[in-house]
Amino acid sequence: MAEYSGQDRFPGSFETLNDGTVRDAASVNVGLEALADRTTYLFNRRVEAVHLASWGSEEVSVGLPPTTTYADWLDAGSRVFRVDVPNVEPLDVLFLDCSFTLEFVASGANDQARVRLVAAAPNGSTVVPVGAHVASELRNSRAPVAISGSFVASQTGTYRVKLQGKTRNGDPGQLGIYDAFVLRVLHLKR
């Protein structure tokens, strides 16, 4: 018996035996090795894990102090605004999805709030995933917000995905998360 662990490739087609073909190791191994290659290829592109942070409570707000540069929402008791994704390797893909109720108490007519998801890479740099930000013109009201995005990892290690926010024009108002918060990160191996 010989062991074959498979190669990281996905053959589009491969030979199989016809009726009446004399079977020997050489004739059978072609198809078996192609199937092993496909299995290895699919295994290397699997969903590694789904990471989740969520909480909900009625009429409780977690505010972000006024800031004109993006700042992290800090953890407050059991309310967490981040997810750590361990065992990430270069070329892995992270898909992000976040939903919450946002309130912006603004003071000026032209002021605006912005929220985004970012990922802190293992070396400390910040990655802004494609599509993972939103600007809001809402003032003195609450509205549901959904943000999604994705990025391809460039480093090995743990990435921290977190929610950030800021106001425009130095608005002294406040951003707040109300009612419920859900952050999901799907880690896909490549």
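The values are calculated or read from the model by the stated rules, or taken from the named source; none is laboratory data. These numbers come from a predicted model, not from an experiment. Heads up, the Cβs are rebuilt from the backbone with ideal geometry, glycines too, and the neighbour counts pull from every protein chain shown.
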Could you give every pair whose Cβ atoms fall below 7 Å, whose first residue belongs to region 143-155 and is closer than 18 Å to ALA121 by Cα, and whose second residue is hydroxyl-bearing (Ser, Thr, Tyr) and modelled with pLDDT of 95 or more, counting only separations of at least 6 or pairs across chains? ALA153/TYR159
Would you check if GLU33 is in contact with a His (Cβ under 6 Å, 6 or more places away or on another chain), surrounded by 14 or more Cβ atoms within 10 Å (Cβ to Cβ) and either closer than 18 Å to VAL161 by Cα or acidic (Asp, Glu) (or both)? no
When region 120-133 is examined, which residues are found to be assigned to a strand (DSSP E or B) and out of contact with any Lys or Arg (no Cβ under 7 Å at 6 or more places or on another chain)? THR126, VAL127, VAL130
Which condition breaks for ASN110 when tested against (1) in a strand (DSSP E or B); (2) at pLDDT below 95? (1)
Does SER136 meet the test of being out of contact with any helix residue (DSSP H, G or I) (no Cβ under 6 Å at 6 or more places or on another chain), in the same structural domain as TRP73 (by TED's automatic domain parsing), among the small types (Gly, Ala, Ser) and at pLDDT 80 or above? no
With the condition kept exactly as written, say whether any residue in region 7-17 is among the aliphatic types (A, V, I, L, M), at pLDDT below 80, assigned to a helix (DSSP H, G or I) and not assigned by TED's automatic domain parsing to the domain that holds PHE81. no
With respect to VAL115, is the statement that it is modelled with pLDDT of 90 or more and either among the aromatic types (Phe, Trp, Tyr) or part of a strand (DSSP E or B) (or both) true? no
Might you let me know whether region 65-80 holds any residue that is surrounded by 15 or more Cβ atoms within 10 Å (Cβ to Cβ) and over 20 Å from PHE104 (Cβ atoms)? yes
